[in-house]
Amino acid sequence: MIFVDTSVWIDYFNGEITWQTDYLDSILDKESVAIGDLVLTEVLQGFRSDKDFKQALELFSPFPFFDMLGRDLAVQSAKNFRFLKKRGLTVRKTMDVMIATFCLACQLPLLHDDQDFNPMESHLNLQVIKPGRAI
């Protein structure tokens, strides 16, 4: 099972061709793709039309769904943010720290296209999908 970040879903729904969207497209019917409440909110709020909103919601319906934060992971997210900040690494979006903390806690590899995850990969051992990973 992998977890897909909002950055990839947005590109996917906008028809952007990246190695991440190609990878996602190639695994949708082969591998379990997890969705969480935070990412679901970020993705769905971006749709302008009701039709597109409903289609996306339908696409997500068979995926394993997770409530991502809760008290313990909220505290751990703050600790992770502070850990990085003490090392001179500021993550621009708190949401990304929460997503990474969730993936770390659940041991889920993350497919993303967002540089904010790079320090979390190198300093927190966040497992990320890399180009060329076998499907």
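The values are calculated or read from the model by the stated rules, or taken from the named source; none is laboratory data. In this text the structure is predicted, and so the values were computed from the model without any measurement. All Cβ positions, even for glycine, are placed from backbone atoms using ideal geometry, and neighbour counts span all protein chains on display.
Residue 121 satisfies every condition listed in (1) under 15 Å from the mean Cα position of the chain (by Cα); (2) of a type outside the set (Ser, Thr, Tyr); (3) buried (at least 18 other Cβ atoms within 10 Å of the Cβ) except (3). Which residue pairs have Cβ atoms closer than 7 Å, lie 6 or more positions apart in sequence or on different chains, and pair a first residue in region 87-108 that is more than 19 Å from residue 33 (Cβ to Cβ) and aromatic (Phe, Trp, Tyr) with a second residue that is at pLDDT below 95 and assigned to a loop (DSSP other than H, G, I, E, B)? Hits for this filter: zero, empty list.
One line per residue, one yes/no per condition, for (1) modelled with pLDDT of 95 or more; (2) of a type in the set (Ser, Thr, Tyr); (3) on the phi > 0 side of the Ramachandran plot; (4) in contact with a Cys (Cβ under 7 Å, 6 or more places away or on another chain):
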{"position": "26", "(1), (2), (3), (4)": "no, yes, no, no"}
{"position": "33", "(1), (2), (3), (4)": "yes, no, no, no"}
{"position": "45", "(1), (2), (3), (4)": "yes, no, no, no"}
{"position": "50", "(1), (2), (3), (4)": "yes, no, no, no"}
{"position": "75", "(1), (2), (3), (4)": "yes, no, no, no"}
{"position": "100", "(1), (2), (3), (4)": "yes, no, no, no"}
{"position": "104", "(1), (2), (3), (4)": "yes, no, no, no"}
{"position": "107", "(1), (2), (3), (4)": "yes, no, yes, no"}
{"position": "111", "(1), (2), (3), (4)": "yes, no, no, no"}
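Note on region 1-48: among residues that are among the acidic types (Asp, Glu) and more than 21 Å from residue 103 (Cα to Cα), the one that is surrounded by the fewest Cβ atoms within 10 Å (Cβ to Cβ) is 29.
Once region 77-86 is narrowed to residues that are out of contact with any Phe, Trp or Tyr (no Cβ under 9 Å at 6 or more places or on another chain) and touching a residue at least 24 places away in the same chain (Cβ under 8 Å), the residue that is farthest from residue 7 (Cα to Cα) is 83. Candidates are the residues of region 123-135 that are modelled with pLDDT under 95 and out of contact with any Phe, Trp or Tyr (no Cβ under 8 Å at 6 or more places or on another chain); the one that is nearest to residue 10 (Cα to Cα) is 130.
Kindly indicate whether residue 65 is hydrophobic (A, V, I, L, M, F, W, C), under 16 Å from residue 6 (Cα atoms) and exposed (fewer than 14 other Cβ atoms within 10 Å of the Cβ). In short, yes.
When the residues of region 77-103 are filtered to those that are among the hydroxyl-bearing types (Ser, Thr, Tyr) and assigned to a helix (DSSP H, G or I), which remaining residue is surrounded by the most Cβ atoms within 10 Å (Cβ to Cβ)?
Top of the filtered list is 101.
Could you grab me the full set of residues in region 1-35 that are free of Cβ contacts under 8 Å to residues at least 60 places away in the same chain and part of a strand (DSSP E or B)? 33, 35 - these are the residues of region 1-35 that are free of Cβ contacts under 8 Å to residues at least 60 places away in the same chain and part of a strand (DSSP E or B).
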